[in-house]
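Engineer: Structure below; questions to follow.
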Amino acid sequence: MYSYYVYILLCSDGLTYTGITNDLLRRLEEHQKSLKPKSFTFKRRPVELIFHQEFNNVLQVIWFEKKIKRWSGKKKLALANGKFDLLQILAECQNATHSKYQPND
């Protein structure tokens, strides 16, 4: 049985990078030694592994990666820091035009 990982890296500029791999240590080393100048992490090294989750099913790992790639950086950091109570708060729309902020007529 294979293992697959979703991982989040914290880049030196404070941005996050989310990816998937079947070899976490190899992939982290590739990010640190990056030979591709056009890659996202190339100019943002060094990077730090701040979160990873193991999966046995490749479809699940792809689904989870796609889900968290859409998250804000703050939400990814909350996940990485185990602040699960913040995930719901950060997921809510904070826009003043959102329906929950409109007065009832």
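Readers should treat all values here as calculations from the given coordinates under stated rules, not as data from a laboratory. In this text the structure is predicted, and so the values were computed from the model without any measurement. Cβ sites come from the backbone with ideal geometry, for glycine too, and all protein chains shown count toward neighbours.
Engineer: List the lysines whose alpha-carbon lies under 19 Å from that of residue 76, not counting same-chain residues fewer than 8 positions away?
Structural biologist: 66, 67
Engineer: Once you keep just the Cα pairs under 8 angstrom separated by 6 or more residues, what percentage relative contact order results for the chain?
Structural biologist: Reported relative contact order: 29 percent.
Engineer: Let me ask another. Treating only the Cβ of Lys, Arg, Asp and Glu as charged (+1, +1, -1, -1), what charge dipole size does the chain show about its Cα centre? Round to the nearest 20 debye.
Structural biologist: Dipole of the chain, to the nearest 20 debye: 400 debye.
Engineer: Right, something else. Net charge within 15 Å of residue 34 by Cβ-Cβ distance, Lys/Arg positive one each and Asp/Glu negative one each, not counting residue 34 itself?
Structural biologist: Taking every Cβ under 15 Å from that of residue 34, the sum is +4.
Engineer: If you don't mind, another one. Place a point 7 Å from Cα of residue 39 in the direction of its Cβ. Which residues in the range 48-63 have their backbone N less than 17 Å from it?
Structural biologist: Only 48-50 pass the distance filter.
Engineer: Still on this structure: Suppose only helical runs count, i.e. DSSP H with n ≥ 4. What mean residue ellipticity at 222 nm does that imply for the chain under -39500 (n - 2.57) per run, divided by all residues and rounded to the nearest 500 deg cm²/dmol?
Structural biologist: -10000 deg cm²/dmol
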